[in-house]
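Student: First the structure, which I've put down as C-alpha cells, then a few questions once you've had a look.
A short reminder: the numbers here are calculations on the coordinates, not readings from a lab. Predicted, not measured: the structure shown is a model, and the values here were computed from it. Methodologically, a virtual Cβ is constructed for each residue, glycine included, from the backbone with ideal geometry; neighbour enumeration extends over all protein chains shown.
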Amino acid sequence: MAIHLKTPEELEIMREAGRINARAHAAMREAIRPGVSTAELDAIAARVIAEAGGKPAFLGYPPGSPHPYPATINASINHELVHGIPRPDRILQEGDIISLDCGTIYNGFVADSAWTYAVGEVSPAVRRLLEVTEQALWIGIKASQAGRDSSEISKAIQRYVEEQGYSVVREYTGHGVGRHMHEEPQIPNWWPRRAAAYGWRSVILKPGMTFALEPMVNAGRPETRVLDDHWTVVTRDGSLCAHFEHTIAVTENGPIVLTAP
Ligand code: MG
Ligand code: MG
C-alpha cells in the first residue's frame, strides 16, 4: 500500500487532532488518584473530545468486528499492557501504574497517544520503568529523520530498552496514522533479522509521513497474552509494563510531535 504523504493543510488538521487528544490526556492525568475508577477517566476523555468537536477513535474499533472496542480509552493497570477496558468497578489504588491510551478523530484525521502514570507514590524501581519507556519513545522520535530507514527507529528503541535490562513487546507495533488509525508503515519496537516473516518492511522516511511510535516495555519477559474479554493484553509472566506513545510527523526540519500539548 502506498504511503500517503500529508500536505501542510492535512498536517495542520492532524496537529489539531493531536492537541485535542493531549487535552484529553491532561484532564485524565489531573483526575488520577486512589479511589477513581477507570470508567470515570474514560468519561473525562469522552467529554473533552466531544467538547472540542472530535470523535473517539477507539470506540467501535475495528469496524465489522464481532467484539468492537466498547470505550473511548484503554486503561491498563500494572501488568496490563494495553487495551484494558474501562469499568466502574476498576478502582485505582495507591502505588498502581496506569497506562492510558487515547485516540481522537478530528476533521477526518486521527491522533493517537498513550502515557503511563503513577498513582500516588511508586517505588524507585517502578519509577525507572516509566522513565526508561518514556525515554525509549523520545529516542524513537529523534531517529525519525527524513532520509533514514524506518528500521533504525525500531533498532534504536530495542537497543536502549534492552541495555536498561527490560524487554520490548514483540506483538504490537507503532504504525502509520492518517485518515485511518492503522496505516503503513508498521514500526515495531524491535527489528528481527527476518522482519519480512512478520509482515514488516522498512521504508525510507519522507517529509509528510505521519506515524505513531509506541514503545511497550516489560520489566520481565517480553511475552503477552489476551484475556477472555477479547481485548485486555497482559504480560504473560505478570511483570509490570509501561507504554508511551506519540503521533509524529516527519518534516524537512526533523520530527514534529503532533500529540504534544
Ligand atoms: Mg494508542
Ligand atoms: Mg497506536
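Student: So who's got an amide H within less than 5 Å of the one on M216, skipping anything under 5 residues away but keeping other chains? H placed 1.01 Å off N, in plane.
Tutor: So M216 has HN proximity to V169.
Student: A125 to R33: FRET efficiency via 1/(1 + (r/R0)^6), r the Cβ-Cβ distance, R0 35 Å, to the nearest 0.05?
Tutor: Numbers: r = 22 Å, r/R0 = 0.62.
Using R0 = 35 Å, I get an efficiency of 0.95.
Student: Starting from 0.36 nm per residue, how many nanometres of slack lie between A52 and E252 once their C-alpha separation is accounted for? All intermediate terms of the calculation are to be shown ahead of the outcome.
Tutor: On the way: separation 200, 0.36 × 200 = 72.00 nm, distance 3.00 nm.
Separation in residues times 0.36 nm, less the Cα-Cα distance, equals 69.0 nm.
Student: Additional query: Within segment 207-261, which GluC sites (Glu not before Pro) sit in a loop by DSSP and count at most 10 neighbouring Cβ atoms inside 10 Å? Can you show the working numbers first?
Tutor: Numbers: sites: E223, E245, E252; in loops: E223, E252.
Hits after loop and neighbour filter: E252.
Student: Between A146 and E223, what length comes free when the chain is fully extended (0.36 nm per residue of separation minus the Cα-Cα distance, one decimal in nm)?
Tutor: Working: separation 77, 0.36 × 77 = 27.72 nm, distance 3.24 nm.
Residue separation times 0.36 nm, minus the Cα-Cα distance, leaves 24.5 nm.
Student: If you plug each phi of segment 170-181 into the Karplus form 6.51 cos²θ - 1.76 cosθ + 1.60 with θ = phi - 60°, what whole-Hz ³J(HN,Hα) values come out, in order, with x for Gly and Pro?
Tutor: 8, 7, 10, 10, x, 7, x, 9, x, 5, 10, 6
Student: Students often forget the sequence filter, so: which lysines lie under 21 Å Cα-Cα from K55 once same-chain residues fewer than 8 apart are removed?
Tutor: Correct list for K55: K6.
Student: Now for a different question. Could you list the GluC sites (Glu not before Pro) in segment 1-109 that lie in coil according to DSSP, counting only those with at most 11 other Cβ atoms within 10 Å of their Cβ? Provide the component values of the computation, followed by the final result.
Tutor: Numbers: sites: E9, E10, E12, E16, E30, E40, E51, E80, E94; in loops: E94.
Hits after loop and neighbour filter: nothing returned.
Student: Applying 1/(1 + (r/R0)^6) with R0 = 25 Å to the Cβ-Cβ distance of A196 and S65, what FRET efficiency is obtained, to the nearest 0.05?
Tutor: Rounded to the nearest 0.05, the efficiency is 0.40.
Student: Turning to a different aspect of this structure: Explain nothing, just compute: Karplus ³J(HN,Hα) = 6.51 cos²θ - 1.76 cosθ + 1.60, θ = phi - 60°, for every residue of segment 59-64 in order, whole Hz, x for Gly and Pro.
Tutor: Going residue by residue, I get 4, x, 8, x, x, x Hz, with x marking Gly and Pro.
Student: Pick out, from A50, Y61, T247, the residue whose Cα sits farthest towards the positive end of the charge dipole of the chain, with +1 on the Cβ of Lys and Arg and -1 on the Cβ of Asp and Glu.
Tutor: Of A50, Y61, T247, it is T247.
Student: Oh, and also: Students often forget the sequence filter, so: which aspartates and glutamates lie under 14 Å Cα-Cα from K155 once same-chain residues fewer than 8 apart are removed?
Tutor: Leaving aside aspartates and glutamates fewer than 8 places away in the same chain, those within reach of K155 are E163, E214.
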